[in-house]
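Written below as structure tokens is the structure these notes are about.
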Amino acid sequence: MGTPVQLKDQSRDELEQLLIAWGQPPYRAAQLWHWMYRKSVRDFEEMTDLPVDLRRQLSQRARLDACWVRQRREDPVAGTVKYAMALSDGLVVEAVALRYRDGVTACLSSQAGCRMGCSFCASGKSWERQLTSGEIIDQFLRIGEDLGGRRSSRVVLMGTGEPLDNYEAVLQAVRRLHDGTGMSYRSFTISTCGLVPGILKLAAEQLPINLAVSLHAVDDALRQRLMPRAARLARVDRLVAACMVYAESSGRRVTFEYLLLDGVNDRVEDARRLADLAGRVRAHVNLIPFNAIPGSPYRRSPPGRVAAFGARLREAGVAFTVRRELGAGIDAACGQLRQRGSGSEADVGQRSQ
Ligand code: SF4
């Protein structure tokens, strides 16, 4: 009978072609799409407007699930929920639900591990494989299911992995979630360590997707130390120029992510240069308190230095925020969940640094 088809890897057109090939009328694809994306059902038997023999055929020849919640951990104060999501081959990736007053943001992984090797990040210490579009989509749907059917209103691709290093699958996932759930493209944020060809390719799509760029250093030498692969691929000036192109073509404001590391990149001089770069792009700056990972040489900047850094940005007229803590009771550094999940303890961790 062959390998079952993973339905969440299929576009709506592909689904239609598949069902036509099975001798079904094209409108069955729209029904199936509705059950998958609007109703989020996990069992073909629940698709009550599909004929019984099609449901039987689907259960024999297709799969609805692309990931499963293996572990969840909730911070009782912040309400953040961190998930270890198991994939069909046993790999585990991380996803996070962030609760805000105006809704839930789902933070999804795009790769199992990461090839970029940033020195402050646990995910960059291992590489497994690319995720499929269906595996990215199903993290979102699993979170909604876990929260009692409460659909996230925003999606950030800030979990494990570099989304632009898995461009096609990520964009397919965004397009399908937009089409399947009705979420606007403005509700999606793709976070990158600065892959310029990917930024320009995304710019050419002319979709109003938000772009967050992990800058973390304002000069090439320090960026080379913190993010060696990303820095090798593009100088800061070239990255900033690509961000200007993106902002222009998408009509969206770019965000610069800036992880504050004690004594490394948190001097007033760094703030001055960051303000200059952000001014060129009219970027919003997101200052991120560092969450130490075991064995890390870095420490979090003290509150006084964070305040002085922010004051310099404010003086320069740069809009900025300091990322709120996501839950002190939960590991909050990149890749920690997956690393621990392979041992006896399976806590939930999160990236986004
Ligand atoms: S910070 Fe992002 S790009 Fe860098 S290693 Fe971690 S997951 Fe990869």
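The values are calculated or read from the model by the stated rules, or taken from the named source; none is laboratory data. Note that the coordinates shown come from a computational prediction; the quantities given were computed from them, not determined experimentally. Glycine also receives a Cβ, built like all others from the backbone with ideal geometry; neighbour counts cover every protein chain displayed. The protein model used for the area step is the full one, side chains on, heavy atoms only, and it has no ligands, DNA or RNA in it. Shrake-Rupley method; radii C 1.70, N 1.55, O 1.52, S 1.80 Å.
Restricting to the range 183-196, and then to whatever is in contact (Cβ under 8 Å) with a residue 40 or more places away in the chain and more than 14 Å from the chain's Cα centre (by Cα), can you tell me which residue is nearest to the ligand (Cβ to nearest atom)?
Taking the candidates together, the pick is 194.
Go through (1) among the aliphatic types (A, V, I, L, M); (2) away from the ligand (no atom under 16 Å from the Cβ); (3) open to solvent by 10 Å² or more (accessible area, probe 1.4 Å); (4) over 27 Å from residue 154 (Cα atoms) one by one and return the number of the condition residue 271 breaks.
(3)
If I ask for residues that are touching a residue at least 24 places away in the same chain (Cβ under 8 Å), over 17 Å from residue 157 (Cα atoms), open to solvent by less than 10 Å² (accessible area, probe 1.4 Å) and in a helix (DSSP H, G or I), which ones from the range 197-245 would you list?
Answer for the range 197-245, where residues must be touching a residue at least 24 places away in the same chain (Cβ under 8 Å), over 17 Å from residue 157 (Cα atoms), open to solvent by less than 10 Å² (accessible area, probe 1.4 Å) and in a helix (DSSP H, G or I): 226, 230, 236, 239, 240, 242, 243.
Given (1) assigned to a loop (DSSP other than H, G, I, E, B); (2) within 16 Å of the ligand (Cβ to nearest atom); (3) more than 22 Å from residue 259 (Cβ to Cβ), where does residue 169 come up short, assuming only one miss?
With (1) assigned to a loop (DSSP other than H, G, I, E, B); (2) within 16 Å of the ligand (Cβ to nearest atom); (3) more than 22 Å from residue 259 (Cβ to Cβ) applied to residue 169, the lone miss is (1).
Tally the residues that are of a type in the set (Asp, Glu), open to solvent by 40 Å² or more (accessible area, probe 1.4 Å) and either modelled with pLDDT under 95 or over 30 Å from residue 28 (Cα atoms) (or both), restricting the search to the range 48-88.
Selection size over the range 48-88: 1.
Name the pairs: first residue in the range 143-166 and in contact (Cβ under 8 Å) with a residue 60 or more places away in the chain and surrounded by fewer than 18 Cβ atoms within 10 Å (Cβ to Cβ), second residue of a type in the set (Phe, Trp, Tyr) and assigned to a strand (DSSP E or B), Cβ to Cβ under 8 Å, at least 6 apart or on different chains?
Sorted first by the residue in the range 143-166, then by its partner, the pairs are 146/83.
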